[in-house]
Amino acid sequence: MSREVAVPITVHILEKEYRVACGEHEKDVLIASAHYLNGKMKEIRDTGKVIGLERIAVMAALNITHELLQHKSRKEDYTQSLSGRVRSLQDKVEAALSRSKQMEI
């Protein structure tokens, strides 16, 4: 059984450098995540309404979590809608097959 070796990656968030260990296959996602977080934190900092790195980080985390939950909710709504459509199509197919069998008899 082979284990992936964690590789240290350096990311920059609000002009600070952070080293994070991650698997080689996760490197690009980690860098993209750090870039996204950095952008969100800069947006919050640049409004001037929130002061302090910790508060900016918490506000960014809350905003990103809100986005995530909105996307999750939309996905669930879409899945439910799609499931309803599939059920409706199944019912129509079954009804058509039933009528076809009755005609054969």
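Each value in this text was obtained by applying a stated rule to the coordinates, not by laboratory testing. The structure displayed is predicted, hence computed values, not measured ones. A quick note on method: Cβ atoms are made from the backbone with ideal geometry, for glycine too, and the neighbour counts reach across all protein chains shown.
Structure above, values below:
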quantity	calculated
Cα radius of gyration and Dmax for the stretch 36-87 (Å)	16.4, 52
Trypsin sites (Lys or Arg not before Pro) restricted to DSSP loop in the stretch 23-105 with at most 10 other C-beta within 10 Å	49
Label-point separation, residue 82 to residue 24 (7 Å along Cα→Cβ), nm	3.4
Full-stretch length increase - residue 72, residue 97 - with 0.36 nm per residue and alpha-carbon distance subtracted	5.3 nm
Among 15, 67, 94, residue whose mean-square fluctuation peaks in a GNM of the chain (springs only between Cα atoms under 10 Å)	94
Over 24 Å (Cα to Cα) - which of 49/72; 42/75; 40/72; 16/49 fall in this group	49/72; 42/75
Where only C-alpha atoms are counted, convex hull volume of the chain per residue in Å³	163
Difference of contour (0.36 nm per residue) and Cα-Cα distance, residue 12 to residue 61	16.0 nm
